[in-house]
Amino acid sequence: MKYISTRNKEFYVTSSQAIIQGISGDGGLFVPEEIPSISLDKLKELNYKELAYEIMSLFLDDFTKSQLKSCIDKAYDNKFDTDAIAPLVEVGDDYFLELYHGPTLAFKDMALSILPHLLKEALRINGIDDEVVILTATSGDTGKAALEGFANIEGINIVVFYPENGVSNIQKLQMKTQKSKNTFVVGINGNFDDAQSGVKELFNDKEFIRELKTNKFILSSANSINIGRLIPQIIYYFYSYMYLIGKGKLKMGEGFNISVPTGNFGNILAAYYAKKMGLPVNKLICASNENNVLTDFFKTGIYDKRRNLYPSTSPSMDILISSNLERLLFHVSGKNDSLIKDIMEELSHNGFYHTNKDELNEFYGDYSTEEEVAQAINDIFKSYNYLMDTHTAVAYSVANKYRDKCFDDTKTLVVSTASPYKFAGTVALALGINIENKDEFEIIEVLSKESKTNIPKNILELKDKPIVHHNNCDKSDMRKMIETFLKAGEHHD
């Protein structure tokens, strides 16, 4: 299978080359030339690993069967706290897909547990012995999941940039306590879009790339701009559907809706890919918080980032430039690469672009206010004794709005992307728990006691971990920080 650039479809690479490069040299994103289809009957009664192989083998066809199976076995093992890997929980009329049972308690583990192994194999396939430098911007969860996945992997260095005041205290602690010589964590004085655009600029900095090459380093990415992040996310949508069929909740071929809390557009794009492969999805519900640039886009066809970014209680979605939307626009425009190049330049220079709203009708976009998020957490807990985090509450709230506005009672999968304990303060407040004068870990204890739920051990262990990363910089100094890290050799100072 060829992977082509969204900005020049004449340029193509293999799947392993796309994983190594992360982003195309022209600034575009790699997409499969054709999205493969799969028979649902073939997937019945497969466990998560077996399903992963069936789907990923269609996309990664320059990996041998044994290479791919080895990557899957190393990824989906006892680092997850359940054999199901991605369990479904029935809550009222909906089904919550819990994607936070991995080591960092967020959905990013689903792909970042396997990406390091895919990258190592991709380097072997292509006979590359340069060291890899992974550059990643994070709005909270990707950072720790990437650090965890790549920690101590020989020949790979990882640098994570996060917005200093744009992640939760637990997310920040998870990153700053990461101990391994090949990891480097930096707080940016700015928001996530500053970190993300800074990383993209470094990928397009020819002089920087030449300098790295001279020193036998190559750049790659662990963000969802890397196709190796996106493909593993397709698996759990098929897994959910097969689970619902197995439990008699759906009949084979019957449609369902998927509501995804959305910031960078990667997780919902994976659901779109699943639909194009043959998964019977009726409506893809794109759920935003008050940074509702995507809601406006799906309602009007106008993408306009010229607005203030609001720090919200669902910080992983505090994003105004949704990178993966470029891939969707490429597909729905009939692979019109020159159009994509033009509108991405328009976004960069003018801050907005127009597109054809009629091409977006597979999606429904809406958003939740901060009050609605808190109310949803409270309502679900009071009614069903189910504790959800703020991002999941956004998806649940918007799924209800869609149901009410469109009179659609189709069964809905609510994508649950993080443990409530990563956002314990906000969740506790939503439940009416008094947290005044309590620190992060006291709040976690109180939340556990009041909700009668267990604190994940990876959260508990954070309390006594020393902080090993004390780095901070402006966006303009990101390159300098990376060069210092690579020269030092002592990567955890």
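The values are calculated or read from the model by the stated rules, or taken from the named source; none is laboratory data. Worth saying up front: this structure is predicted, and the values here are computed from it rather than measured. So basically every Cβ, Gly included, is an ideal-geometry build from the backbone, and we count neighbours across all protein chains shown.
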Worksheet entry | Contacts under 7 angstrom Cβ, first residue in segment 267-291 being touching a residue at least 60 places away in the same chain (Cβ under 8 Å), partner part of a helix (DSSP H, G or I) and among the polar types (S, T, N, Q), 6 or more apart | 267/233; 288/295
Discussion item. Please verify whether residue 220 is part of a loop (DSSP other than H, G, I, E, B), in contact with a helix residue (DSSP H, G or I) (Cβ under 7 Å, 6 or more places away or on another chain) and farther than 17 Å from residue 471 by Cα, treating the condition exactly as stated.
Written reply: no
Worksheet item: Can residue 427 be described as buried (at least 21 other Cβ atoms within 10 Å of the Cβ) and touching a strand residue (DSSP E or B) at 6+ places or on another chain (Cβ under 8 Å)?
Response: no
Discussion item. When the residues of segment 253-273 are narrowed to those that are farther than 21 Å from residue 303 by Cα and assigned to a strand (DSSP E or B), which ends up nearest to the chain's Cα centre (by Cα)?
Written reply: 258
Item to complete: Sort out which residues of segment 6-52 are touching a Lys or Arg at 6+ places or on another chain (Cβ under 6 Å) and among the aromatic types (Phe, Trp, Tyr), and write them in order of number.
Response: 12
Response to the item:
Subset of segment 146-188, residues of a type outside the set (A, V, I, L, M, F, W, C), over 22 Å from residue 476 (Cα atoms) and part of a loop (DSSP other than H, G, I, E, B), comes to 152, 154, 155, 168, 177, 178, 179, 180, 181, 182
Worksheet item: Is segment 236-251 home to any residue that is free of Cβ contacts under 8 Å to residues at least 40 places away in the same chain, crowded, with 20+ Cβ neighbours inside 10 Å and within 20 Å of the chain's Cα centre (by Cα)?
Response: no
Worksheet item: When residue 95 is evaluated against the numbered criteria (1) in contact with a strand residue (DSSP E or B) (Cβ under 7 Å, 6 or more places away or on another chain); (2) aromatic (Phe, Trp, Tyr); (3) free of Cβ contacts under 8 Å to residues at least 24 places away in the same chain, which criterion, by number, is the only one it fails?
Response: (3)
Discussion item. Step by step: first the residues of segment 174-219, then only those that are under 24 Å from residue 120 (Cβ atoms) and of a type in the set (Val, Ile, Thr), then the one that is surrounded by the fewest Cβ atoms within 10 Å (Cβ to Cβ). Which residue is that?
Written reply: 214
Practice prompt. Please verify whether segment 388-410 includes one or more residues that are farther than 30 Å from residue 301 by Cβ and either free of Cβ contacts under 8 Å to residues at least 60 places away in the same chain or not β-branched (Val, Ile, Thr) (or both).
Written response: yes
Response to the item:
When segment 1-24 is checked residue by residue, the ones that are aromatic (Phe, Trp, Tyr) and without any contact (Cβ under 8 Å) to a residue 40 or more places away in the chain are 11, 12
Worksheet entry | Residue among 244, 202, 250 that is within 27 Å of residue 483 (Cβ to Cβ) and either out of contact with any Asp or Glu (no Cβ under 6 Å at 6 or more places or on another chain) or not in a helix (DSSP H, G or I) (or both) | 202
Worksheet entry | Pair list, Cβ under 8 Å, 6 or more apart: segment 188-203 residue more than 17 Å from residue 312 (Cα to Cα), other residue modelled with pLDDT of 95 or more and aromatic (Phe, Trp, Tyr) | 188/161; 188/162; 195/161; 195/162; 198/161; 199/161; 202/208
Worksheet, complete the sentence: Only one of 454, 437 is in contact with a Ser or Thr (Cβ under 8 Å, 6 or more places away or on another chain), free of Cβ contacts under 8 Å to residues at least 12 places away in the same chain, farther than 24 Å from residue 193 by Cβ and not in a helix (DSSP H, G or I), namely 454
Practice prompt. Residue by residue through segment 439-454, note down the ones that are among the hydrophobic types (A, V, I, L, M, F, W, C) and under 29 Å from the mean Cα position of the chain (by Cα).
Written response: 441, 443, 444, 447
Fill in: Given (1) farther than 28 Å from residue 339 by Cβ; (2) surrounded by fewer than 19 Cβ atoms within 10 Å (Cβ to Cβ); (3) of a type in the set (Ser, Thr, Tyr), index of the condition residue 16 fails
(2)
Worksheet item: Mind checking whether some residue in segment 306-328 is modelled with pLDDT of 95 or more, in contact with a Phe, Trp or Tyr (Cβ under 9 Å, 6 or more places away or on another chain) and assigned to a strand (DSSP E or B)?
Response: no
Worksheet item: In segment 328-374, how many residues are touching a Gly at 6+ places or on another chain (Cβ under 9 Å) and either surrounded by fewer than 17 Cβ atoms within 10 Å (Cβ to Cβ) or on the phi > 0 side of the Ramachandran plot (or both)?
Response: 5
Item to complete: Considering only residues that are aromatic (Phe, Trp, Tyr) and closer than 27 Å to residue 157 by Cα, look in segment 60-119 and name the one that is surrounded by the most Cβ atoms within 10 Å (Cβ to Cβ).
Response: 107
Worksheet, complete the sentence: The correct count of residues that are under 17 Å from residue 268 (Cβ atoms) and of a type in the set (Gly, Ala, Ser) in segment 357-392 is 2
